[in-house]
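Working notes, structure below.
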Amino acid sequence: MSTIDTAITASRELYDQSLSGLVEFLSIGSVSTDPSCAADVARCADWLAHALRGAGLPHVDVVTTNGHPIVYAEDCSAGPSAPTVLFYGHYDVQPVDPLNLWTDAPFNPIVKNDTIYARGATDDKGQVWAHVKALEAMYRTGGRLPLNVKVLIEGEEEIGSPNLAPFVEARREALRCDAVVISDTPMFAPGSPSLVYGLRGLAYVQIDVTGPNRDLHSGSYGGAVNNPINALAHIIAALKDSSGRIAIPGFYDDVIPLSQEERDELAALGYSDETLKADVNVDELFGEPGFITPERLWARPTLDVNGILGGFTGEGAKTVLPSKAMAKVSMRLVPGQSTAKVVQQLTNYVKTLVQPGISVTVTDLHGANPVLVPRDTPAMRAAASALETTFGTACRYTREGGSIPVVELFDRVLGSPTVLMGFGLNNENAHSPDEHFSLENFRKGIEAAVRFYAGYAAERS
Ligand code: BES
Ligand code: ZN
């Protein structure tokens, strides 16, 4: 048997243990945005470091930052003639809110129909764990890895990786690698693996609107004092036109248009609008005119209100003219656009929309730059071959609409090409109640990771 086959067999023998480890990992409520979860985030980092040591990695550190810790491990014993791969993932998760819509408790993982349910199952603990177990299977076969491996798993991806840049910049030399591999993206469809070559960026702001100094009786004051919720609605309504195009002046100026060649390629993917409609139960899709769904999702910028707060929302009716209103607004960005510039454009535009008797502030919460990764690299070829062998079908090249801030950072600081080889599915409820991960894709993820590491090492040595 080849070493790869032996490692695949070892990964299968390890499976029960892999699943119970995943259950433990998912039981830790590592919600990075919630300060009351900080101790659990730290506990998760320690747990993961312990697990990496158990998998066979000889050097594992939990590195403190100004925020949540980074787990960093490496094994460079294959030596300078062997290639080096940096695996990146995140162990933090999104909040569980709204809790009452979960069928089972979010941090009490449950397996049903070969699927595991918990916050973080698909984004990103399940996918991270597939790599940890792949490395463990490889250690069990040869006692050592055929390539040098660096592992960086952070605890702040879901809040825009605010403390990662200083870490990566300070360790530029230590992190040097031939390729980066990340599994934090969905596949094209069930059974259909993909390599993602582009991610959108993100600019996330909060708009606070203040009117009178206190809540007022709407009968005594309404008509003479402006209402901050109405004023906020006026602002929000002006951000997009009725066709769905963003109305912020200059917003589209820097967007690099898709080439006809790429448009043809995206059209040829056979993306199913019907599947999307059925998945989210809407009878019509809605988006920027002149673009097909994969273009709208992956290659065109967007603006969405994520949440809105203000006034009386309890049972029954209360006549009140509220003092404050607030909205959280995010924009997904595409190559050419920069987070700082669109936030400035939005802020300038909002200023022109402020009505009398109202004050408005726009606060920049976090962001990520858009990125395209090279498609024709040795690591991409090794990943394509690993996916095709594992899934038994050709792999597609897609872009994605979500953001992973580190990809652009690695590109800029390390200059190494990234491979985005994900095992999630779009309908696995990431960031939403009843998040889950297909255990079939978990098992295939482990095998594809083994084939990727071993195949890349064989090709480059
Ligand atoms: N795993 C996602 C990124 C993702 C989602 C890629 C969907 C492709 C498709 C990641 O964990 C995530 O959710 N990122 C945030 C980043 C943000 C907080 C800076 C996102 O995209 O909202
Ligand atoms: Zn993620």
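Read-outs: derived from the displayed coordinates by stated rules, not from any lab. Source: prediction; values computed, not measured. Cβ atoms come from the backbone with ideal geometry, glycine included; neighbour counts cover every protein chain shown.
V354 to N108: FRET efficiency via 1/(1 + (r/R0)^6), r the Cβ-Cβ distance, R0 60 Å, to the nearest 0.05? List each step's numbers first, then the result.
Working: r = 47 Å, r/R0 = 0.78.
Computed FRET efficiency for V354 and N108: 0.80.
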From the cross-link list K277/K328; K125/K277; K318/K351; K112/K133; K324/K351, the entries with a Cα-Cα span beyond 19 Å are K277/K328; K125/K277; K318/K351; K112/K133
Distance (nanometres) between label positions extended 7 Å along Cα→Cβ at T377 and V280 = 3.1
Gain in span if fully extended, E440 to Y15, counting 0.36 nm per residue against the direct Cα distance | 151.9 nm
Taking the simple approach of a point 7 Å from Cα along Cα-to-Cβ for both N230 and I292, what is their distance in nm?
-> 4.6
Roughly how many nanometres apart are two label points built 7 Å out from the Cα toward the Cβ at I308 and S432?
-> 2.0
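Over the chain, what number does the Rg to Rh ratio reach, with both radii from the alpha-carbon atoms and Rh per Kirkwood?
Ratio of gyration radius to Kirkwood radius: 1.00.
If each residue's Cβ is checked for other Cβ atoms within 10 Å, how do V362, V282, V93, V406 rank with the fewest at the top?
Working: V362 18, V282 10, V93 32, V406 25.
So the residues, fewest neighbours to most, are V282, V362, V406, V93.
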Peptide ranges 35-48, 113-126 listed from the most packed, as the mean C-beta count within 10 angstrom indicates = 113-126, 35-48
What helix-only [θ] at 222 nm does the chain give? Using -39500 (n - 2.57) per DSSP H run of at least 4, over all residues, to the nearest 500, the answer is -11000 deg cm²/dmol
Least to most buried among Y15, Y197, Y91, Y271 (fewest other Cβ within 10 Å first) | Y15, Y271, Y197, Y91
In what order do M1, M380, M138 fall by count of nearby beta-carbon atoms within 10 Å, going from fewest to most?
-> M1, M380, M138
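Scanning the chain for helices, which whole DSSP H stretches are 24 Å or more long along the axis (Cα) and average -1.0 or more by Kyte-Doolittle? Show your work: numbers first, answer last.
Numbers: long enough: 38-55 (26 Å, 0.36); 126-142 (25 Å, -0.16); 439-460 (31 Å, -0.35).
Correct list, ordered by number: 38-55, 126-142, 439-460.
Net charge within 9 Å of G120 by Cβ-Cβ distance, Lys/Arg positive one each and Asp/Glu negative one each, not counting G120 itself?
Working: positive: R119, K125; negative: D92, D123, D124, E435.
Around G120, the surrounding residues sum to -2.
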Stretch R144-L101 to full length: gain in nm at 0.36 nm per residue minus the Cα-Cα span?
-> 10.9 nm
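I want the local charge near A137. Using Cβ-Cβ distances under 10 Å, sum +1 for each Lys or Arg and -1 for each Asp or Glu among the other residues. Could you put the intermediate results ahead of the total?
Working: positive: R12, K133, R140; negative: E13, E136, E447.
Taking every Cβ under 10 Å from that of A137, the sum is 0.
Would you mind counting up the charge near G244? Only other residues with Cβ under 15 Å from its Cβ, with Lys and Arg at +1 and Asp and Glu at -1. Don't jump to the answer; show the numbers that get you there.
Numbers: positive: K240, R245, R296, R300, R332; negative: D241, E284, E288, E295, D304.
Counting the neighbours of G244, the net charge comes to 0.
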Difference of contour (0.36 nm per residue) and Cα-Cα distance, D5 to E169 = 55.2 nm
Computed FRET efficiency, Cβ-Cβ of R176 and S338, R0 25 Å: what is it to the nearest 0.05?
-> 0.40
